[in-house]
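The structure under discussion appears below in the form of structure tokens.
We did not get these values from a lab; they are worked out from the coordinates using the rules stated. What you see is a predicted model; the values in this text were computed from it and never measured. Positions of Cβ are generated from backbone atoms using ideal geometry, with glycine treated the same way; all protein chains shown enter the neighbour counts.
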Amino acid sequence: MRVLSENPASVDAEDALHRRSRSDTCRVRVHGSAQTFDVRRNDLLLLSALEQGIAYPHNCRVGTCGSCKTRLLDGRISPMVDFALSPLSNQELQDGYILACQAKVRSDLVVDVAFGDRARHLPRTLSARVIDWKRLPGEVVDLRLSLDEPLPFEAGQYCSLAVTGSFVRRSFSFYDAPPAVGSRGAREVGFLIKRLPGGQFSEWLFAENRGGTKIWLEGPFGQMGVAADERDGVCIAGGTGLAPILSIVADRLARTRHARFTIVFGARDAGSLFAMDRLQQLQAAAPKRVTVLPILSHEAIGSAWQGRRGLVTAALDATLGIDFAATAAFVCGSLPMVEAVEARLAMLGVPRERIHADKFLPTGF
């Protein structure tokens with residue numbers, strides 16, 4: 001015998017709650033596959049996917065890199081930014097492409113996007129303490145953290161840092177090689193952080209030695225370091241864009257036998273060249289496979305500097321002895337610098353799909 005509730009009003013309330021919960025959840029279906037996942041209405045498409053361990057292509061998460069571009073075949077989203085001002089081309093906009101990191105989900109969706117394997121390392125939050133704080137030339141601090149839990153990450157990835165009690169979070173790339181395969185993760189990580197005048201986090205960091213301070217870390221994020229293992233690489237870093245380049249080259253040297261890497265490091269002047277000891281360590285570890293080329297954009301005329309001068313794009317020419325058409329490129333630095341380098345590399349014959357970029361953009365003060 002089926003027993004009915006003695007309180008019909010409670011049944012109606014439960015039904016209404018069930019209908020409301022269903023309406024607040026949107027189903028995302030990936031075109032050409034059986035893969036689906038749910039997103040709460042008005043949540044960001046990319047962030048929700050990453051939280052579920054889905055290897056959604058991405059890097060910056062702020063709408064500047066274009067790595068998360070997705071073709072929307074059906075459904076509705078609300079853009080957080082004007083996609084006409086984004087890295088999406090006019091043709092891509094006409095074809096229905098969106099940026100997943102800037103798309104609030106408003107209904108069930110059908111999307112066309114190429115996922116990788118299931119995300120190896122889900123972003124998470126953990127605590128750490130500053131174990132080394134060192135001023136470097138060019139108003140840069142080398143910050144090393146001891147983590148309360150091991151953290152796995154891949155070459156070229158980054159995380160967000162925040163001081164205990166502060167709502168200010170800023171993103172920085174790891175400069176260490178990734179932890180060994182099979183390990184639980186790194187127990188220490190390092191970052192190269194440039195002072196940004198007026199920047200809340202960097203000004204706080206530079207005010208005094210922060211040794212012993214508790215820091216909150218969220219990550220890892222990004223997929224910049226992905227490329228064919230044995231392919232030669234040309235790596236172009238502007239300023240603290242050197243951090244992910246150090247990580248990527250160290251990782252590639254460990255995982256390849258013959259691949260060679262040319263690192264073009266752009267700085268303002270000779271007094272701004274930092275972390276040269278880390279570049280020298282890479283060269284010493286594989287002297288026949290690593291070439292380092294510093295180039296200075298504002299070095300005083302008549303100084304003792306004997307190296308290259310100009311913007312980093314000026315160093316990208318035939319004198320490097322690189323077969324650009326067969327090379328993978330890794331570019332890290334400010335948005336204008338990266339865009340100029342991308343255009344130069346494409347002109348030199350590097351296929352667009354082999355140009356991996358990380359565009360640094362100041363996020364608030």
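Neighbour counts of other Cβ atoms within 10 Å put His258, His31, His58 in the fewest-to-most order His258, His31, His58.
Other residues lying with their Cβ under 15 Å from the Cβ of Gly271 contribute a combined charge of +2, Lys and Arg counting +1, Asp and Glu -1.
Measuring between their Cα centroids, region 258-291 and region 145-172 lie 25 Å from each other. Here the Gaussian network model covers the chain, with springs between Cα atoms less than 10 Å apart; of Leu161, Leu296, Leu348, Leu348 fluctuates the most.
The dipole here belongs to region 61-206: it is taken about the Cα centre, uses +1 on the Cβ of Lys and Arg and -1 on the Cβ of Asp and Glu, and is about 340 debye.
With each label modelled as a point 7 angstrom along the Cα→C-beta vector, the Ala55-Arg184 pair spans 2.5 nm. Annotation: extensible slack from Asp269 through Thr291 equals 5.9 nm (criterion: 0.36 nm per residue apart, minus Cα-Cα distance).
A crude spin-label estimate for the pair Thr319 and Arg169, with each label 7 Å from Cα along the Cβ direction, gives 4.5 nm.
Rounded to the nearest 0.05, the FRET efficiency derived from the C-beta distance between Met80 and Ala346 at R0 = 30 Å is 0.60. About its Cα centre, region 209-296 has a charge dipole of approximately 160 debye under the convention of +1 per Lys or Arg Cβ and -1 per Asp or Glu Cβ, with nothing else charged. In plain terms, the residue of Ile215, Ile245, Ile301, Ile263 with the fewest other Cβ atoms within 10 Å comes first and the most crowded comes last, giving Ile301, Ile215, Ile263, Ile245.
Using the Cβ-Cβ distance between Leu93 and Thr25 with R0 = 35 Å, the FRET efficiency computed as 1/(1 + (r/R0)^6) comes to roughly 0.80.
The average projected area of region 92-225, computed from the convex hull of its Cα atoms over all directions, is 11.2 nm².
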